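Here the structure is laid out as C-alpha cells; the discussion comes afterwards.
The values are calculated or read from the model by the stated rules, or taken from the named source; none is laboratory data. Every value quoted in this text rests on a predicted model; they were computed, and no experiment measured them. With ideal geometry, Cβ positions are generated from the backbone for all residues, glycine too; neighbour counts draw on all protein chains shown. Just the protein is used for accessible areas: all its heavy atoms, side chains included, with ligands, DNA and RNA removed. Shrake-Rupley method; radii C 1.70, N 1.55, O 1.52, S 1.80 Å.
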Amino acid sequence: MHGMTIYQLEVVLRSGRVAQGVLLVIIGILTVYALEKAKRRPEAIKVRKIPAIDAFEEAVGRATEMGRPVFYTPGMSGLGSLTTLSALSILDYVARLTARYNVPIIVANRNWVVYQVAEGIVKNAYLAEGKADQFNPEMVRYIASWQFAFAAGCLGIFFRERPAANFYMGYYYAESLELAESGYRIGAVQIAGTTSTAQLPFFVAACDYVLIGEELYAAAAFLARDPKIVGVLLAHDLSKILTLAIILIGAIAITAGSTIILDILSK
Amino acid sequence: MVNFTDILMVWISVFLVFCVFSYCYRENPLFRLAEHLFVGLSVGYGISYDLWYFKNYGYLPVVYQGRYDYLIWMLIGLGYYFFFSRRYFWLYRLPISIGIGYGTGMALRSVIRSDLIGQINTTIKLSLIGVDPLTTLNRFVIVFGTMLAVVFFIFTLELKGALSYIPKTGRYIILAALGASFGNTIMGRESLLIQRIQLMMGSKYFPWEAAGIGTVEAGSYAWIMTLICAAILLYMIYTDHVKSRRAAAEATATGN
Amino acid sequence: MAISLADYKRSIPLILCFIFGILYAFEWYVDIRVGDFSLSYYLEHDMLNYFNAMYSVAIGIGAINIFRIHYRRFTRRRKYWEYSLLVLILIPVMAVISVFGGRWAIDPKGVVVPRWVYDSLAPTWNFLYWNIMSLISQTMFSLLGFFIISAGYRAFRARNIDSIILLISGILVVLGQAPINASVWPGFETIKNWLMDVPNVAGRRGILLGAAIGALAYGVRVIFWYERRPTLAGGE
Amino acid sequence: MSTWYERLENIDPRWIYLLVYIVIAIPIIIPLPSPLAITPYTRDAFEAVEKLPPGSLVVLSFDYSGANPELHPQAIAVLRHVVRRPLYIYIVGMWSDGPVMADQIWKVIDKTGYDPEDPTKLITKEYGKHIVNLGYLATTALIVGVYDTITKMMTIDFYGNSIDSLPLVKKFDGIKYASLVISFAAGSPGPATYLQYWATQNPNMKFVVGSPGVSAPGFMPYYEAGKLGEIGYVGVIISMRGAAEYETLLGEIGLTGAVAALNAQSAVHYLLVVVVILGNLGYYLRKYGGGGR
C-alpha cells in the first residue's frame, strides 16, 4: 500500500456564486418547460404585437417593388455574444424572405467567424426555399475588422448598390448612427435591433422600427414562425415576473432595514 | 524655415479628412478612394496580427515548449479553411460549434452575474426613504421606473383597459432614458469633430506633434489645402447642378 | 430535442456545442476536483490556451473573402474596378510591411529576420498606420458630429406622445449640456443631472434586465439544441 | 413646389451638415470670450496660484500621456499663469510622457512674466534660473527622495544638463521648499501619491489637481477636506471646461483653445435646439395652418 495515493472526487460549490447558479438553473428549467409546453399545446401561448417584427416582411416587399437589394448586418460583436447569435437567427428569416421574393440580399460582416456562419445561414435559407441556384457567395461579405473601416465599407455599399431595406441587428458601437443616417439618406426602410443601451437612442432617432433590448431575442424566437419555438416567450415572461418579485421584495426589505435579499443574492 | 515634408504631411492629412467629409455631400470618387485605402490597409494590417497571434499562441508553444497537445487543437482549427471546400464543408462546423458552445456558456454566466443580479443589486441597495422628500421621490422613480420598464417587455400577457397604462408608462420611461442619452452624447461626438475642423483650419490648438502630423508651424499652412478642397467641392456641386439641369431639359424634351 | 448519430455532420457539432456550453456555464458555480486536478482551473487556463491555438491557425480568412470579391470585380472590369485594384495591391503590400515592420511584427528583435529589415520598414509602417489608417478612422468617427445633429433634427419632432417624450427629455439634456448655459440659468444643469440620474437610470436598467433575460433564454435554447441555425449553418 | 414650411420640415441633411461645420469653424477661427460661469473649483485653483507670495516655488506634475484633450489645455493655462506670476517653477512627471508634454508647452508658450526677485519688473523667464524640468519620477524612492534633496537623487535634468549647473536647483535643493503642487492627472499614479509622501511631511504645502471629467467625482471628497485645511486639494480644475474657465480667469482668451472649443460646443448645441424648433414649426404649420391638408 505504500506510495499509493487515493484520489477522491470532490464537488465544490464556489462561494459567492451559488445564487447565480440557482437562478441560471431556474431560468433554464423555465425555458425548457415553456418550450415543451408549447410543443404540446402551441395555441395556449398568445403573443402581443411587436410592430417592428411585422415590418420585416413589408420592408422586404418594398425592396422587391423597387427592384433594389436588402441590406443586413449582424452587428459588430463576435460569435461569443448572444446578441450576434440571435441576429444570425433573424438573418435566417430575412434570407428566406429575400429568396421567396427573388430580391438580392447583401450581408455585411465585421468579424470573419460571423461572416462564415452568416454565409452558411443564407445558403441554408436559399436551399430551404428551393432557390439554391439563386444563392451567390458575393451576397455575404466580410468588410473589415476595423470598426470604422467596416462603417466606411457599409456607407460605400449604401450609395453604390442602394439597398431599399436595411436591417441592423446585433451589437453596435458608435457606427450605429453612421449606418442609420446614411440609410435615411438613400431612402431605405430601416429596422434596427440591439441590446446596446448606448446606441439605442440613435437607432430610435434614425430608424423606422427598432427592436429594443429583449425584443431582439423575442424576434429571434418569433421569426422562426414555429409556434413551438415562440413558446419560449412564456419563459421570458415568467423569468421577468420572478425578477420583478425579487426587486419588489428586496426594495421593501431594504426600506425596512433588512439586507436579506442582497445577502441571498451574494451567497 | 519650415520643413517641407512637414507641410506635405499636413496637406495629406487635410486632404484625407476632406475625402471623408466629402461623403456628407454625396458618395464620390474621393470618398471611395479613402474608403478603399482604409479597407485595404486595415485588412493587410489584420493579416500581420493573425500571423503574430499564430506565432505566439500556436508556433512558439509547440516548438519551444514542446506542447504537442496543441497540435490536435490546431488541426481542429484548420477546419475554418474547409469553409471554402464543397466536399468537406461540414468540418468547419467543428471549430465553430466549439466556439459557439464556449461563448454561450461564458455569456450565460456573465449575463447572470453582471446584467441580471448586478442590476437587481444596485436597484435594491438603497432604502426607498431618503434623507429628504426629493431623494425619496427619486428612489421611488428609479425602483418603480425600472420595474415598469421591465413590464413593458412582457410579451404573452396583454394588459387591457386601465392596466394597459402600466406597460405604456414603462415605454415612456424607456423613451425618456433614450432621449436623455441622445442629448448627453452630443458633446463627446462634437469634440471629435471640433478637432478635425481645427486640423483643417490649421489651428495652433490642434495637437500636431502628438498626432504625428508635422509641427505647429507646418500646420499653419493647412489652409492652402483646405482652400483647394473647398474648390474641389464647389466644382463637384457645380457639375452636379449642370448635370441635373441637362437631365431635366432632356426629360421635358422627351416628354413633349 | 432529438438528434441522429448517423448524421455525424450535424450531430457532432451539436454535441460539441452542448458539451462546451454546459462545461463553461457550470464550472463557474461548481468545481470538480480530483487530487490536484481542478476542473474549473483546467477550463479557465489550459483549455483557453487550446482555444487560442485552435483560433491561431486561421490566418487571413476574412482577407481571402475580400480578395475574392475584389479580384472578381477587377478581372471582370465591373463598375469601380479601379478601386478594387487599389485594394488588391494594398492588402499584400500592407501585410508584408506590417509583418516585418509593424506593431505586430513577427520578429522585431531580429532573431531570424535581420534587424535592418524591421528598422527600414518601421517608418513606412508608421506613416501608413498613423497618418493614413488612423487618420481616416478618426475622421470617420468624427462624421458623427454632423450626423447626430441631423438625426436629432428629424427625431425630436412632436408627432405623438412617444416622440414628445423623446423630444422633451432630449432637448432638456441638450440645454443642460451647452457649456454657456450654466451662466444663463443654473437650473438647466440641475434638470439635466436629474434626467441623467433618475429616469435615464431606470429606463436603461429596465432594458438591461429585459435583455439579460432574453439572452439567458436564448443561450439555453442554443445549448439544448432548440436553436440550431448558427451551429448548423451551411448547406448539406 | 413645396411651401416654405414644408421645406422647414424636411431640410436636406446636407444643409444641416454645412451649418454644423460653419458653427464650429467660426469660434475656432475667431477667439471670442465666453460668458462662462466660473465654478468654485476652478476659482479656488486659480486663487491658490494668484495668492502665492513673490519668490515662492511651485511644482507642476504632468501625469498624463499624449496630448490628452482634457488635461493639455489645463496644463497650458496653468503653466502660462505660473510663468506670468513672480514664481519659481519645477516640472516633474509621474508618467514618462509627462515631462515631454511640459517641454512641448514650454517651447511655444509666452515666457514674459514678473521677476521673482523684483515683482514689479517684467522679464523673460529663463530655463535653469526660473524654471527647471526635472523629468520623469520613475520610482517611489525617487518621489520620496527628491522631497528632501534633489542633487543627491538626480544627476541630470530632462534636457540632460547637469543638475548641479542649474541655479534654481542650487536655490531650492528639494521639493520641500515648494508652497504649491499642481498635478494634471489622467489616472494612476496620480496626486494621491504626493498626498501620501509629501503632504504628510509638510502641512503648509498646498495641492491642486487637474482632472478629466470622469475622475472628478473621486477628487471631490479631498477637495472638501482641503478647503478645511486638512490634507487634500485646495482646487480642482475639471476637464476642458475647467481649462476654459482658467483661461477666462487668466484673461488671455485664445491661449489654450479650450474657450474656443467650448464656444463651438455651445454653438452646436444651440444649433440643434434651433433646427429642432424649425422642424417642429414646419410640422405644425403644415398640420394645422397648411390649408386643409
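Which residue is nearest to D:His72 (Cα to Cα), if the candidates are limited to region D:6-27 and must be assigned to a loop (DSSP other than H, G, I, E, B) and open to solvent by 50 Å² or more (accessible area, probe 1.4 Å)?
Only one residue fits best here, namely D:Asp12.
Return yes when B:Arg113 is at the interface with chain C (Cβ under 9 Å from one of its Cβ atoms) and either crowded, with 19+ Cβ neighbours inside 10 Å or in contact with a Pro (Cβ under 9 Å, 6 or more places away or on another chain) (or both) and no when it is not.
It is false that B:Arg113 is at the interface with chain C (Cβ under 9 Å from one of its Cβ atoms) and either crowded, with 19+ Cβ neighbours inside 10 Å or in contact with a Pro (Cβ under 9 Å, 6 or more places away or on another chain) (or both).
Taking region A:233-253 only, how many residues are open to solvent by less than 50 Å² (accessible area, probe 1.4 Å), aliphatic (A, V, I, L, M) and under 20 Å from C:Gly206 (Cα atoms)?
Qualifying residue count for the region: 8.
For residues in region C:3-31 being open to solvent by less than 50 Å² (accessible area, probe 1.4 Å) and without any contact (Cβ under 8 Å) to a residue 12 or more places away in the chain, which is farthest from the other protein chains (Cβ to nearest Cβ)?
C:Ser11
Taking the condition of being of a type in the set (Lys, Arg) and surrounded by fewer than 16 Cβ atoms within 10 Å (Cβ to Cβ), how many residues in region C:32-48 meet it? Spell out the reasoning first.
Quick first cut of region C:32-48, residues of a type in the set (Lys, Arg) only: C:33.
Going one step further and asking which of them are surrounded by fewer than 16 Cβ atoms within 10 Å (Cβ to Cβ), we end up with none.
Qualifying residue count for the region: 0.
What is the one condition in (1) open to solvent by less than 10 Å² (accessible area, probe 1.4 Å); (2) at the interface with chain C (Cβ under 7 Å from one of its Cβ atoms); (3) without any contact (Cβ under 8 Å) to a residue 40 or more places away in the chain that A:Glu138 does not satisfy?
A:Glu138 satisfies every listed condition except (1).
Kindly provide the set of residues from region B:83-110 that are part of a helix (DSSP H, G or I), open to solvent by 20 Å² or more (accessible area, probe 1.4 Å) and either of a type outside the set (Gly, Ala, Ser) or at the interface with chain C (Cβ under 7 Å from one of its Cβ atoms) (or both), ordered by number.
If the condition is that a residue be part of a helix (DSSP H, G or I), open to solvent by 20 Å² or more (accessible area, probe 1.4 Å) and either of a type outside the set (Gly, Ala, Ser) or at the interface with chain C (Cβ under 7 Å from one of its Cβ atoms) (or both), then B:Phe84, B:Trp90, B:Leu91, B:Leu94, B:Tyr102, B:Met106, B:Arg109 are the ones that fit.
Of the conditions (1) surrounded by fewer than 19 Cβ atoms within 10 Å (Cβ to Cβ); (2) more than 7 Å from every other protein chain (Cβ to nearest Cβ); (3) of a type outside the set (A, V, I, L, M), B:Thr226 clears all except one; give me its number.
Single failed check for B:Thr226: (1).
Considering every residue within region A:50-69, establish whether at least one is of a type in the set (S, T, N, Q) and within 13 Å of another protein chain (Cβ to nearest Cβ).
no
Output the residues belonging to region B:24-48 that are buried (at least 24 other Cβ atoms within 10 Å of the Cβ) and more than 7 Å from chain C (Cβ to nearest Cβ).
B:Glu35
Within the bounds of region A:104-111, is there any residue that is open to solvent by 10 Å² or more (accessible area, probe 1.4 Å) and within 11 Å of another protein chain (Cβ to nearest Cβ)?
Yes, the conditions are met somewhere in region A:104-111.
Mind checking which residues of region A:111-158 are outside any helix (DSSP H, G or I), small (Gly, Ala, Ser) and farther than 30 Å from B:Cys19 by Cα?
The one that is outside any helix (DSSP H, G or I), small (Gly, Ala, Ser) and farther than 30 Å from B:Cys19 by Cα: A:Gly130.
Just checking, how many residues over region D:28-58 are more than 28 Å from B:Met187 (Cβ to Cβ) and assigned to a loop (DSSP other than H, G, I, E, B)?
6
Looking only at residues that are within 19 Å of the chain's Cα centre (by Cα) and charged (D, E, K, R) in region D:86-124, which one is surrounded by the fewest Cβ atoms within 10 Å (Cβ to Cβ)?
Among residues in region D:86-124 that are within 19 Å of the chain's Cα centre (by Cα) and charged (D, E, K, R), the one surrounded by the fewest Cβ atoms within 10 Å (Cβ to Cβ) is D:Lys107.
If you take the residues in region D:28-52 that are facing another protein chain (nearest Cβ under 9 Å) and not hydrophobic (A, V, I, L, M, F, W, C), which one is least open to solvent (accessible area, probe 1.4 Å)?
By that ranking, first place goes to D:Ser34.
Is it the case, given these coordinates, that C:Met47 is assigned to a helix (DSSP H, G or I), within 25 Å of B:Tyr53 (Cβ to Cβ), modelled with pLDDT of 95 or more and not β-branched (Val, Ile, Thr)?
When the stated conditions are applied, C:Met47 does not pass them.
Output the qualifying pairs, or none if there are none: Cβ atoms under 7 angstrom, residues six or more apart or on different chains, first residue in region D:85-100 and in contact (Cβ under 8 Å) with a residue 24 or more places away in the chain, second residue open to solvent by 10 Å² or more (accessible area, probe 1.4 Å) and acidic (Asp, Glu).
Close Cβ pairs satisfying both conditions: D:Pro86/D:Asp115.
Rundown of residues vs (1) among the aliphatic types (A, V, I, L, M); (2) farther than 17 Å from D:Val58 by Cβ; (3) out of contact with any Phe, Trp or Tyr (no Cβ under 7 Å at 6 or more places or on another chain); (4) open to solvent by 30 Å² or more (accessible area, probe 1.4 Å), yes/no style:
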site: D:Tyr127; (1), (2), (3), (4): no, no, yes, yes
site: D:Thr139; (1), (2), (3), (4): no, yes, yes, yes
site: D:Tyr147; (1), (2), (3), (4): no, no, no, no
site: D:Met153; (1), (2), (3), (4): yes, yes, yes, yes
site: D:Leu166; (1), (2), (3), (4): yes, no, yes, no
site: D:Val169; (1), (2), (3), (4): yes, no, yes, no
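Is at least one residue of region A:209-216 open to solvent by less than 10 Å² (accessible area, probe 1.4 Å) and over 30 Å from A:Lys37 (Cβ atoms)?
No, there is no match, as no residue in region A:209-216 is open to solvent by less than 10 Å² (accessible area, probe 1.4 Å) and over 30 Å from A:Lys37 (Cβ atoms).
Filter region B:119-143 down to the residues that are at the interface with chain C (Cβ under 9 Å from one of its Cβ atoms) and within 33 Å of the chain's Cα centre (by Cα) and list them by number.
Of everything in region B:119-143, those that are at the interface with chain C (Cβ under 9 Å from one of its Cβ atoms) and within 33 Å of the chain's Cα centre (by Cα) turn out to be B:Gln119, B:Ile120, B:Thr122, B:Thr123, B:Val141, B:Ile142, B:Val143.
Of all residues being open to solvent by less than 10 Å² (accessible area, probe 1.4 Å) and more than 7 Å from every other protein chain (Cβ to nearest Cβ) in region B:11-23, which is nearest to C:Tyr83 (Cα to Cα)? Just the residue, please.
B:Cys19
So how many residues does region D:196-210 have that are open to solvent by less than 90 Å² (accessible area, probe 1.4 Å) and in a strand (DSSP E or B)?
Count: 4.
Give just the number: which of (1) closer than 30 Å to D:Asp12 by Cα; (2) at pLDDT below 95 does B:Phe31 not satisfy?
Status for B:Phe31: all satisfied but (2).
Of the residues A:Tyr168, A:Tyr172, only one is under 26 Å from C:Ala58 (Cα atoms), of a type in the set (Phe, Trp, Tyr) and buried (at least 24 other Cβ atoms within 10 Å of the Cβ); which? Lay out the reasoning, then the answer.
Working: A:Tyr168 fails: under 26 Å from C:Ala58 (Cα atoms).
Going through A:Tyr168, A:Tyr172 in turn, the sole match is A:Tyr172.
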